[in-house]
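Working notes, beginning with the structure itself.
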Amino acid sequence: MHLWKNSLLLVSVSSLALATSMAQIAKAQEAEQLDKIVVVNPADEKDLETDKVITSEEIERLNAQDLGGLFASEPAITVTSGSTAVQKFYLHGIDQAKVHVTIDGARQKNPVWHHVGNFNLDPYFLKQADVKSGVSPADAGPGALAGSVEMTTKDASDLLRDGQSIGGRVIAGYESNSQTFTVTGAGYGKSETGFEVLGIVKRADGDDYKDGAGRKEPGTADDLWSGLGKVAYESGEGHRVTLSGEYSRDYGYRKLRANMALANPARENLYNENIAERASIVLNYETTKPTELFDPQATLYFSQHILDRPYGAYRRGPFLSPAGDFKSDNNEFGGKLLNTFTFGKASVTAGVDFYHNQTDIESFYKAVVPVPDASETVANIGALVQARFSPIERLEISTGARVDYQSYDSVDGQTFETVGLSPNLSASFEVLDGLKLNAGFASVFGGLEQAEAARFHALNYKYSSDLKPTRSHNSELGFSFRRNGWDLGGKLFYTHMENPIDYGNYNFRTRVADRINGQDLKSYGFDLYGRYDWDNAFVSAAFSHTEVKFGDGYAGSGHYNTANSVGDMLTLQGAYTFTDYDVTVGALAKVAFDYDKDIFDNSNRKFEKLEGYEVVDIFAEWKPKTSLANLSLRAEVTNLFDQDYAERGSYQTVPGVIGSIHSPGRSFNIKLGAEF
């Protein structure tokens, strides 16, 4: 039985069992006063190495439904346009494939195909997401070439209200543009004996959306299932063990190349049935009562990503190319064992981590393209130490290193073994009350970057015998100021990546392509942010300027799984709670400025200039504190001015050949929630 079936079963059983119990006691629960949702400043939870903390309160305020919503307020992160099947993010213009991403400690590495996204995720499941761009500590994990994003899912305690031992939620929503209905059901409980259980299931079903010009974007309809199940036990001595299962499934007829619009009408009408599944099972151990010498983190996980693209029922036209028709299975087993030792105001985290990743791909149409099934295996073992201390008043230092050994069994039968050291240093000094200056540097060993598996179904690949491991050199210099409701900051950043993996010449006679080291990749620029909080309101602004160069030219979407040009991005936010009426209103504006650099793809075709856009979302939410305190009602308008645009980071336009997928136009959305 597939892992995802076990995961979904865990979610379903937990939810149904708890829902039955909830129904019996819901009437006995007294309404509890809810917290205001606009006064939580994510900076309250930031540590020295973290650039951005996205809390569950912020996710709820943004009504995030996908990756685009999750990172909507962070201009340093751009998410591609299109369906959830094609969404991927770029951190300072560098592809997600070069970022270390985890969910509850389970590494999410799935570079299947550059025409689809890396993984689907329902942000409602998240407690928070920590973003470390560029400079990452040793205990963030292996291969954090461009940084790391650490996501943590909710526990039962995060959803239970004061005085509750068991509860549940039902949330229903509707989006007018795509006529998408969403339903979320959650059940959770906590016993006095230390046991906790949580189950959440979400369903989204809709039609293709229309862009700002009123054109329907084919192949973008939602047909999503997602679930989270979690069982935990905490002893009286503070030993806490958590077993969680998380699952997502996207199904639909997607374009042959789902992230682009082809100018050739015959090819544009080619579709494939697209079934993308992702599941993780994670076992975590920690203590809630640490001592100076015993503060462990232990994780074991198994994750699986499946992309099945059989010959599509809607495939039309004279083209019989099998491009896109394959089944890939990427699975990984991994874990870590760390302990933090505390000595006064200093701490040292030390330990080991590992992963073993295997990718198998089945090529369906061997009669048309004689390419055999293929597989690759990548294994990594790392040892690390990270010290955090304050040698003098007002000075904070975090420094450490990790050593990684990687073994790569490539598709052409070669084995590459590499070893690398990754040191890092970050420091912050408070020069005046509330004003800190900070700097950081990291040199990160990335090993041989994992191949894009979908390429194996159409071509045979030969790896250069002298492939060198990828290494990035990341540095930053910045400041922060927090005082009297103000939160201001900014930084200069620079990433220089040596020997990224690239693809060389293709021999039409032998149908063999080369895998080689590419040109140097550089990302540099600056980030600025500012926020002011009142008791019941806030306003904020964030700006990011990023230049990305691949070799001598500017990076573009044709440099697959590498980078994309971003330019200047601005986000503006604000929210206000009318406390007498229990109503919160707010708005988010995203602005991308024109970008006029000459960008070429890997076939030396010139992309169109990147046009700017301005997108505004507004919302109003009612959360009464009366006898209806278990209800909430939210109304919002996304893309208020019906802007016709392609999200920065999407595949760019080559005139007469390739077009960009545009983002949804205006939509009127409503969401009703009930707690028990």
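The values are calculated or read from the model by the stated rules, or taken from the named source; none is laboratory data. Computed from a predicted structure; not experimentally measured. Virtual Cβ from ideal backbone geometry, glycine too; neighbours counted across all protein chains shown.
Of all residues in the stretch 640-659, which are surrounded by fewer than 20 Cβ atoms within 10 Å (Cβ to Cβ) and not in a loop (DSSP other than H, G, I, E, B)?
Within the stretch 640-659, just G659 meets the criteria.
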Inset, instruction - Scan G252, G227, G206, G236 and give me the residue that is in contact with a helix residue (DSSP H, G or I) (Cβ under 6 Å, 6 or more places away or on another chain) and not β-branched (V, I, T). - result: G227
Inset, instruction - Mind telling me which of the residues L425, L488 ends up being free of Cβ contacts under 8 Å to residues at least 40 places away in the same chain, aliphatic (A, V, I, L, M) and either in contact with a helix residue (DSSP H, G or I) (Cβ under 8 Å, 6 or more places away or on another chain) or surrounded by 15 or more Cβ atoms within 10 Å (Cβ to Cβ) (or both)? - result: L425
Inset, instruction - Would you tally the residues in the stretch 428-448 being over 16 Å from H496 (Cβ atoms) and free of Cβ contacts under 8 Å to residues at least 60 places away in the same chain? - result: 10
Legend entry - P123 being more than 22 Å from Y247 (Cα to Cα), touching a residue at least 24 places away in the same chain (Cβ under 8 Å) and not charged (D, E, K, R): no
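Let's see how each residue does on (1) at pLDDT below 90; (2) surrounded by fewer than 22 Cβ atoms within 10 Å (Cβ to Cβ); (3) acidic (D, E); (4) in contact with an Asp or Glu (Cβ under 9 Å, 6 or more places away or on another chain):
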residue: K27; (1), (2), (3), (4): yes, yes, no, no
residue: E57; (1), (2), (3), (4): no, yes, yes, yes
residue: D66; (1), (2), (3), (4): no, yes, yes, yes
residue: A72; (1), (2), (3), (4): no, no, no, yes
residue: P75; (1), (2), (3), (4): no, no, no, yes
residue: A85; (1), (2), (3), (4): yes, no, no, yes
residue: G105; (1), (2), (3), (4): no, no, no, yes
Inset, instruction - Working only within the stretch 604-621, note down all residues that are among the hydrophobic types (A, V, I, L, M, F, W, C) and surrounded by fewer than 16 Cβ atoms within 10 Å (Cβ to Cβ). - result: I618, A620
Legend entry - Which listed residue is outside any strand (DSSP E or B) and in contact with an Asp or Glu (Cβ under 9 Å, 6 or more places away or on another chain), from F429, F416, F456, F441: F456
Inset, instruction - Considering (1) out of contact with any Gly (no Cβ under 6 Å at 6 or more places or on another chain); (2) assigned to a loop (DSSP other than H, G, I, E, B); (3) within 18 Å of G173 (Cβ to Cβ), say which one G236 fails and leave the rest. - result: (3)
Legend entry - Criterion: on the phi > 0 side of the Ramachandran plot, surrounded by 15 or more Cβ atoms within 10 Å (Cβ to Cβ), touching a residue at least 12 places away in the same chain (Cβ under 8 Å) and not β-branched (V, I, T) - qualifying residue of G167, G199, G214, G219: G219
Inset, instruction - Could you figure out which of (1) within 27 Å of Q386 (Cβ to Cβ); (2) in contact with an Asp or Glu (Cβ under 7 Å, 6 or more places away or on another chain) isn't true of F294? - result: (2)
Legend entry - Failed condition for A144, given (1) surrounded by fewer than 24 Cβ atoms within 10 Å (Cβ to Cβ); (2) within 26 Å of T495 (Cβ to Cβ): (1)
Legend entry - Residue within the stretch 171-180 that is farther than 25 Å from I54 by Cβ and under 23 Å from the mean Cα position of the chain (by Cα) present: no
Inset, instruction - Working carefully through the options A458, A439, find the one that is more than 16 Å from S410 (Cβ to Cβ) and modelled with pLDDT under 95. - result: A458
Legend entry - Selected residue (only one of N424, N380, N474 is assigned to a strand (DSSP E or B) and farther than 19 Å from K336 by Cβ): N474
Inset, instruction - Among the residues of the stretch 127-167, count how many are assigned to a strand (DSSP E or B), aliphatic (A, V, I, L, M) and under 16 Å from the mean Cα position of the chain (by Cα). - result: 4
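Looking at E647, E608 in this structure, which one is at negative phi, within 24 Å of the chain's Cα centre (by Cα) and charged (D, E, K, R)? I'd like the intermediate steps shown before the answer.
Working: E608 fails: within 24 Å of the chain's Cα centre (by Cα).
None of the others qualify; the one that does is E647.
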Inset, instruction - Could you tell me whether L432 is touching a Phe, Trp or Tyr at 6+ places or on another chain (Cβ under 9 Å), farther than 23 Å from D139 by Cβ, of a type in the set (A, V, I, L, M, F, W, C) and surrounded by fewer than 20 Cβ atoms within 10 Å (Cβ to Cβ)? - result: yes
Inset, instruction - Identify, by number, the condition in (1) under 23 Å from I171 (Cα atoms); (2) modelled with pLDDT of 95 or more that D222 doesn't meet. - result: (2)
Inset, instruction - Give the stretch 170-191 a look and list any residue that's without any contact (Cβ under 8 Å) to a residue 40 or more places away in the chain, over 20 Å from F676 (Cβ atoms) and either of a type in the set (D, E, K, R) or not in a strand (DSSP E or B) (or both), or say none. - result: Q179
Inset, instruction - Can you tell me which residue among R254, R249, R240, R278 is surrounded by fewer than 20 Cβ atoms within 10 Å (Cβ to Cβ), in contact (Cβ under 8 Å) with a residue 60 or more places away in the chain and among the basic types (K, R)? - result: R249
Legend entry - Within the stretch 313-368, considering residues that are among the basic types (K, R) and outside any loop (DSSP other than H, G, I, E, B), the one modelled with the lowest pLDDT: K327
Inset, instruction - Return the residue satisfying two criteria in turn: it lies in the stretch 526-585 and is among the aliphatic types (A, V, I, L, M) and at pLDDT below 95, and of such residues it is surrounded by the most Cβ atoms within 10 Å (Cβ to Cβ). - result: A563
Inset, instruction - Kindly indicate the residue of the stretch 508-525 that is out of contact with any Lys or Arg (no Cβ under 6 Å at 6 or more places or on another chain) and β-branched (V, I, T) and also surrounded by the fewest Cβ atoms within 10 Å (Cβ to Cβ) among those meeting that condition. - result: T510
Inset, instruction - Check T418 against each of (1) modelled with pLDDT of 95 or more; (2) within 29 Å of F326 (Cβ to Cβ); (3) in contact with a Ser or Thr (Cβ under 8 Å, 6 or more places away or on another chain) and name the one condition it does not meet. - result: (3)
